[in-house]
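All remarks here apply to the structure that follows.
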Amino acid sequence: MNKVCAIFGGSRGIGRAVAQLMAQKGYRLAIVARNLEVAKAAAGELRGNHLAFSCDVAKEHDVQNTFEEIEKHLGQVNFLVNAAGINRDSLLIRTKTEDMVSQLHTNLLGSMLTCKAAMRTMIQQQGGSIVNVGSITGLKGNSGQSAYSASKGGLVGFSRALAKEVAKKKIRVNVVAPGFVHTDMTKDLKEEHLKNSIPLGRFGETIEVAHAILFLLESPYITGHVLVVDGGLQLVM
Ligand code: NDP
């Protein structure tokens, strides 16, 4: 096994757990994030030879350069995971326009840009698999997260449209939509209070989401699917 997977947001949280799982299975990985030192540390702790790259997914030239560098050093990208994301939670009336823009740019436009950059190679090699990390908020909406929910809802529409566009080229595009997961993004939330609203009674772990991502990456007959990994939260939202 020497397939190449680019993991945007692979330095921390959910993306890092995906990297740990895929390294164990023998994939060659590009760990991509803005902070190169943290990405290098994450790549360095993995079994095998993996490389770290610095990139802001919201910047098209950064994304294009990063794909060129990945292909130069690791070879053609077969798999792509978009786990880079940010949240700037606040009620809409208090949300600054710049915070709306940064969430849309990182969470939605960023994934569109990496998918676009991956298309050339994947079309050339007549195959590829992409998993975009959405959120249960993109399906159900969440008070205090309107811009974030918009970015994640947009990601579902984008992923399904792209799945239709490239299915004939044997390229698959799927979404994993997590609920609350223990990462830096959720460290300030009051878990004791929130967990009562989750049917399974707890936040998820990054490895639990990573298994769902890897399942979709490797499932040859699934495309355009949204896999919810939320401890049952969507049942009660
Ligand atoms: P973390 O904050 O733990 O990690 C975010 C990762 O994204 C880091 O590697 C970070 O690295 C990278 N990143 C952020 N902005 C950019 C950018 N502009 N360009 C490149 N990389 C970037 O987040 P999670 O692991 O919790 O989240 C992963 C994904 O899962 C996100 O899309 C998030 O919205 C989604 N999600 C998370 C949930 C949760 O409960 N944790 C629930 C539902 C969805 P660096 O800062 O160095 O760039």
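The values are calculated or read from the model by the stated rules, or taken from the named source; none is laboratory data. Please read all numbers here as calculations on a predicted model, not as lab measurements. Glycine gets a Cβ as well: all are built from the backbone with ideal geometry, and neighbour counts include every protein chain shown.
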Identify the single condition in (1) surrounded by fewer than 17 Cβ atoms within 10 Å (Cβ to Cβ); (2) of a type in the set (Gly, Ala, Ser); (3) near the ligand (Cβ under 9 Å from one of its atoms) that Ser54 does not satisfy, given that it satisfies every other one. (1)
Return the pair list, or none, for Cβ contacts closer than 7 Å from residues in segment 222-237 that are touching a residue at least 60 places away in the same chain (Cβ under 8 Å) to residues that are among the small types (Gly, Ala, Ser), at least 6 apart or on different chains. Thr223/Ala163; Thr223/Ala167; Gly224/Ala163; Val226/Gly134; Val226/Ala177; Val228/Ala177; Asp230/Gly179; Leu233/Gly179
On the basis of being touching a Gly at 6+ places or on another chain (Cβ under 7 Å), charged (D, E, K, R) and in contact (Cβ under 8 Å) with a residue 40 or more places away in the chain, does Arg12 make the cut? no
Yes or no: segment 199-216 includes at least one residue that is more than 27 Å from Met100 (Cα to Cα), in contact with a Leu (Cβ under 7 Å, 6 or more places away or on another chain) and of a type in the set (Gly, Ala, Ser). yes
In the list Val176, Val156, which residue meets the criterion of being surrounded by 19 or more Cβ atoms within 10 Å (Cβ to Cβ) and touching a strand residue (DSSP E or B) at 6+ places or on another chain (Cβ under 7 Å)? Val176
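Per-residue answers, yes or no, for (1) assigned to a strand (DSSP E or B); (2) within 25 Å of Phe180 (Cβ to Cβ); (3) in contact (Cβ under 8 Å) with a residue 24 or more places away in the chain; (4) among the small types (Gly, Ala, Ser):
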site: Gly26; (1), (2), (3), (4): no, no, yes, yes
site: Val38; (1), (2), (3), (4): no, yes, yes, no
site: Arg47; (1), (2), (3), (4): no, no, yes, no
site: Phe67; (1), (2), (3), (4): no, no, yes, no
site: Ile70; (1), (2), (3), (4): no, no, yes, no
Selection status of Val176, closer than 18 Å to Asn132 by Cβ, touching a Phe, Trp or Tyr at 6+ places or on another chain (Cβ under 8 Å) and not aromatic (Phe, Trp, Tyr): no
Please specify each residue of segment 25-41 satisfying the condition of being over 17 Å from Glu218 (Cβ atoms) and either away from the ligand (no atom under 13 Å from the Cβ) or among the small types (Gly, Ala, Ser) (or both). Ala30, Ala33, Ala39, Ala41
Of these, Gly44, Gly48, which one is modelled with pLDDT of 95 or more and either more than 12 Å from the ligand (Cβ to nearest atom) or closer than 19 Å to Val175 by Cβ (or both)? Gly44
Find the helices (runs of 4 or more DSSP H) located wholly in segment 121-197 whose residues include 1 or more that are closer than 22 Å to Thr66 by Cβ and within 16 Å of the ligand (Cβ to nearest atom), and list them. 146-166
Taking segment 198-230 and keeping residues within 12 Å of the ligand (Cβ to nearest atom) and under 20 Å from Lys170 (Cβ atoms) leaves Ile213
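I'd like the residue in segment 1-24 that is assigned to a loop (DSSP other than H, G, I, E, B) and buried (at least 18 other Cβ atoms within 10 Å of the Cβ) and, out of all such residues, is farthest from the ligand (Cβ to nearest atom).
From segment 1-24, those assigned to a loop (DSSP other than H, G, I, E, B) are 1-3, 9-12; that's our starting set.
This time we only want the ones that are buried (at least 18 other Cβ atoms within 10 Å of the Cβ), so: 3, 9-12.
Numbers: Lys3: 21, Gly9: 3, Gly10: 6, Ser11: 4, Arg12: 4 Å.
Restricting to residues being assigned to a loop (DSSP other than H, G, I, E, B) and buried (at least 18 other Cβ atoms within 10 Å of the Cβ), the top hit is Lys3.
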Looking only at segment 84-96, decide whether some residue is more than 11 Å from the ligand (Cβ to nearest atom), farther than 30 Å from Gly26 by Cβ, modelled with pLDDT of 95 or more and of a type in the set (Gly, Ala, Ser). yes
Give the residues of segment 90-110 that are assigned to a loop (DSSP other than H, G, I, E, B) and surrounded by fewer than 18 Cβ atoms within 10 Å (Cβ to Cβ), sorted by residue number. Ser90, Leu91, Lys96
